[in-house]
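Colleague: The structure follows.
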Amino acid sequence: MKNIFTNLRGNIFGGVTAGIVALPLALAFGVQSGLGPDAGLYGAIFIGFFASLFGGTNTQISGPTAPMTAVSMVIIAGIIAANDGDVEKALPYILLVFLLAGLMQVGLGVLGLGKYIKYIPYPVVSGFMTAIGVIILITQLLPMMGYYANADDDFIEQFKPEAEEVLLDKILKEEAAEDILVLEDFRETVRRAERITENDIQMESKTLAKSASSGVLGSIKTLPRAIKNINWLEFILASLTIFIIYGFKKITTAVPSTLVALLVVSAGAYFLKLDYQPIEQIPGGFPMPNLDMFANFSFGQISPYIFTALTLAFLGAIDSLLTSVVADNMTKTKHKPNQELIGQGIGNSVASIFGGIPGAGATIRTVVNISSGGTTKLSGMIAALLLLVILLALGPVASQIPAAVLAGILITVGIGVMDYKGLKAIPNMPLSEIVVMMVVLVLSVFWNLVYAVGIGLVLASLIFMKKIGDASAKRSKLVPLGNADELKMKWSDEVGFPENLKEEVFIKRLDGPLFFGNTSDFQELAKGIPATATHLIIRMGKVPYIDQSGLYALEDTLLRLRRGGVKIILINLQKQPQVMMESIDIIPDLVPEKRIVKSFREAMIYIKENVEDVV
């Protein structure tokens, strides 16, 4: 703890600067998530403080990020829809999923899995990051134009028949839960239906209209209507925000342009008394824990979201550790990946209890912190405390920020988060990697972020295995002992042996792991050996690993060869393959220990002593 308080001045300045940068983004991500600006602010406060305190990267600033918010938005919308569009009813389940994701991150750190996150293929990360940018851009088009479906009376009117069906379905479900048979007591159904008011239908219609216009597909479908009903004031406020964010950077980068845009446009709209749409009200006072999530807890309520929570946990881990690498490069230090995951998990868990959205290490805020003098965990904690002070002192003031301003900020975030490096590299990338990137990108944008990443990982893994299998098969050779031209290309210790052995002794050169990706090529070995063969030398020195599939393929091949009267000699067998072969008795049943030798020279001594044609 003593090291935290070194360089106090630099840490205070770095933390304050990072906190100022985090404020508009926290509000914007909260709005985008669907839980409101206060949820974004709570997430930035609690994740920022506890991830810094318990994490493994001294200079990291954590809070809601674009990728985490995009996934959270999907989760939130799905759970709200499953709870009849009632946010209050859905909130405990939403926060439980976020809590579960945080606990999973702690588990990843405790199990020491942080060091494996780096093996996520780049095309998957690139496609996902670009998809995040596209999703943010598309979903912010409607608020940028000042269009809100639940305020469009004509649009809402279209959903009244569906709203009546939904309300009637609720009645039938209530009766089923009460063991009331509709056909036997139809009058009770009618009586309950008569209690439905016009206001109930209107509220349900608004919920359906909002749901129909949400997400990428909903935004695209509703876009023509938004253009027709554009609110020019909101559009100008959003456009002016974007202009200031990009324009002010050309004047100076000492002051965050996002904060300048937020203050200038918001103050102008407020003091000019413009008729703009403000963000949702931010509650004053210290945030209180939401204990409703534990009141009626049952595993069955959140079991459908286990995989979703795990994906959120992995995404947060990747997001945070990539930022940690950036921090290491800037500070010439070395982060502790597993400790960082534990810190992020604790931060996300605490944030969920207080109603905050999940987050991760934020690259831009971390860079700002380091550039402003932050060197220890204190800087991240100060950034979080600054946001808490702003919440307590300026909550009502922040509630006057125009919604269009946050839409403008998010559009610049969407543009910035896309992986332009990956997009520019497409002409020079292998086709297989382009396919992975585009599959992840398209599925993320138009279907499901969570499943898209999973499919991308599986696809990338299969392609990788295929490439490794092909490469191993290509390098591995089956040649007769007397094939001098083949032998001179490599493995010079094989040259110079009697010509009369060429039809009886064959060599199999294995180069690379024997695993499920190349077992079929290996099994072709038995078919390529003629009936005249009596011995097969298998060079195992370049086989560091055999998996279970490779082991059984090897056993099957050796059994076939033995039935054909071929004896096997293994050269330079490494430890892991030997243990695997001994585990199913390939050694000594199919290959006795006397035919396991250290060098090709020893193999040839055995050949000369045991092959009849040797003169």
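The values are calculated or read from the model by the stated rules, or taken from the named source; none is laboratory data. A quick note: this is a predicted structure, and the numbers were derived from the prediction, not measured. We place every Cβ from the backbone using ideal geometry, glycine too, and count neighbours over all the protein chains shown.
Colleague: Name the single residue, out of those in the range 261-292 being surrounded by fewer than 19 Cβ atoms within 10 Å (Cβ to Cβ) and not in a loop (DSSP other than H, G, I, E, B), that is modelled with the lowest pLDDT.
Modeller: Filtering the range 261-292 for residues that are surrounded by fewer than 19 Cβ atoms within 10 Å (Cβ to Cβ) and not in a loop (DSSP other than H, G, I, E, B), the one modelled with the lowest pLDDT comes out as D292.
Colleague: With respect to V367, is the statement that it is within 30 Å of A90 (Cβ to Cβ), touching a residue at least 40 places away in the same chain (Cβ under 8 Å) and in the same structural domain as A44 (by TED's automatic domain parsing) true?
Modeller: Taking the combined requirement at face value, the residue does not satisfy it.
Colleague: Of all residues in the range 558-606 being small (G, A, S) and in a helix (DSSP H, G or I), which is nearest to the chain's Cα centre (by Cα)?
Modeller: Of the range 558-606, the ones small (G, A, S) are 564-565, 583, 599, 603.
With the extra rule that they be in a helix (DSSP H, G or I), the set shrinks to 583, 603.
Working: S583: 38, A603: 51 Å.
Looking at the filtered set, the residue picked out is S583.
Colleague: Just wondering, is there one or more residues in the range 448-470 that are in the same structural domain as E280 (by TED's automatic domain parsing), more than 30 Å from L237 (Cα to Cα) and more than 18 Å from the chain's Cα centre (by Cα)? If you could, list the steps in order and put the result at the bottom.
Modeller: Of the residues in the range 448-470, the ones in the same structural domain as E280 (by TED's automatic domain parsing) are none.
Checking the range 448-470: not a single residue is in the same structural domain as E280 (by TED's automatic domain parsing), more than 30 Å from L237 (Cα to Cα) and more than 18 Å from the chain's Cα centre (by Cα).
Colleague: Only one of G109, G63, G40 is at pLDDT 90 or above, farther than 29 Å from I415 by Cβ and surrounded by 24 or more Cβ atoms within 10 Å (Cβ to Cβ). Can you tell me which?
Modeller: Testing whether each residue is at pLDDT 90 or above, farther than 29 Å from I415 by Cβ and surrounded by 24 or more Cβ atoms within 10 Å (Cβ to Cβ) leaves just G109.
Colleague: Identify the single condition in (1) touching a residue at least 40 places away in the same chain (Cβ under 8 Å); (2) assigned by TED's automatic domain parsing to the domain that holds A309 that L141 does not satisfy, given that it satisfies every other one.
Modeller: Failing condition for L141: (2).
Colleague: Can S349 be described as under 21 Å from T17 (Cα atoms) and either buried (at least 22 other Cβ atoms within 10 Å of the Cβ) or in the same structural domain as A44 (by TED's automatic domain parsing) (or both)?
Modeller: Details: under 21 Å from T17 (Cα atoms): no; either buried (at least 22 other Cβ atoms within 10 Å of the Cβ) or in the same structural domain as A44 (by TED's automatic domain parsing) (or both): yes.
So S349 fails the test.
Colleague: For the range 404-447, enumerate the residues that are more than 16 Å from the chain's Cα centre (by Cα), within 25 Å of G78 (Cβ to Cβ) and buried (at least 22 other Cβ atoms within 10 Å of the Cβ).
Modeller: Within the range 404-447, the first condition is being more than 16 Å from the chain's Cα centre (by Cα), and the residues that meet it are 404-416, 420-435, 446.
Add one more test, that the residue is within 25 Å of G78 (Cβ to Cβ), and what stays is 406-407, 410-411, 413-414, 446.
Those that are more than 16 Å from the chain's Cα centre (by Cα), within 25 Å of G78 (Cβ to Cβ) and buried (at least 22 other Cβ atoms within 10 Å of the Cβ): L406, A407, L410, I411, V413.
Rundown of residues vs (1) closer than 23 Å to A254 by Cβ; (2) outside any helix (DSSP H, G or I); (3) of a type outside the set (G, A, S), yes/no style:
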position	(1), (2), (3)
L312	no, no, yes
D319	no, no, yes
E340	no, no, yes
S349	no, no, no
R365	yes, no, yes
N369	yes, no, yes
T375	yes, yes, yes
A383	yes, no, no
A393	no, no, no
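Yes/no per residue for (1) touching a residue at least 40 places away in the same chain (Cβ under 8 Å); (2) over 24 Å from V405 (Cα atoms); (3) in a helix (DSSP H, G or I):
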site	(1), (2), (3)
F155	yes, yes, yes
E162	yes, yes, yes
I196	no, yes, no
Q202	yes, yes, yes
A209	yes, no, yes
I220	yes, no, yes
L233	yes, no, yes
L237	yes, no, yes
L240	yes, no, yes
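Colleague: I've got another one for you. Of the conditions (1) closer than 17 Å to L25 by Cβ; (2) modelled with pLDDT of 85 or more; (3) under 25 Å from the mean Cα position of the chain (by Cα), L388 fails just one. Which one is it?
Modeller: Result: L388 fails condition (3) only.
Colleague: Would you be able to say whether some residue in the range 434-442 is assigned to a helix (DSSP H, G or I) and modelled with pLDDT under 85?
Modeller: No.
Colleague: Let me ask something else about it. Take the residues in the range 140-169 that are touching an Asp or Glu at 6+ places or on another chain (Cβ under 7 Å) and modelled with pLDDT under 85; name whichever of them is surrounded by the fewest Cβ atoms within 10 Å (Cβ to Cβ).
Modeller: Ranking the candidates gives V166 first.
Colleague: Taking the condition of being crowded, with 23+ Cβ neighbours inside 10 Å, among the β-branched types (V, I, T) and over 18 Å from G454 (Cβ atoms), how many residues in the range 80-106 meet it?
Modeller: Going through the range 80-106 one residue at a time, the tally reaches 2.
Colleague: A further question follows. Given the conditions (1) at pLDDT 85 or above; (2) loosely packed, with under 14 Cβ neighbours inside 10 Å, report the number of the one that A226 does not fulfil.
Modeller: Just one mismatch for A226, condition (2).
Colleague: Separate question: Could you check the range 542-569 and list, in sequence order, the residues that are buried (at least 16 other Cβ atoms within 10 Å of the Cβ) and closer than 22 Å to N610 by Cβ?
Modeller: Those that are buried (at least 16 other Cβ atoms within 10 Å of the Cβ) and closer than 22 Å to N610 by Cβ: T557, L558, L561, V566, K567, I568, I569.
Colleague: Within the range 351-360, identify whether any single residue is part of a helix (DSSP H, G or I), out of contact with any Gly (no Cβ under 8 Å at 6 or more places or on another chain), touching a residue at least 60 places away in the same chain (Cβ under 8 Å) and within 29 Å of D38 (Cβ to Cβ), and answer yes or no.
Modeller: Kept after step one, since they are part of a helix (DSSP H, G or I), are these residues of the range 351-360: 351-353.
Checking the rest, the ones that are also out of contact with any Gly (no Cβ under 8 Å at 6 or more places or on another chain) come to 353.
Next cut, touching a residue at least 60 places away in the same chain (Cβ under 8 Å) only: 353.
Now drop any that are not within 29 Å of D38 (Cβ to Cβ), which leaves 353.
Yes: one or more hits.
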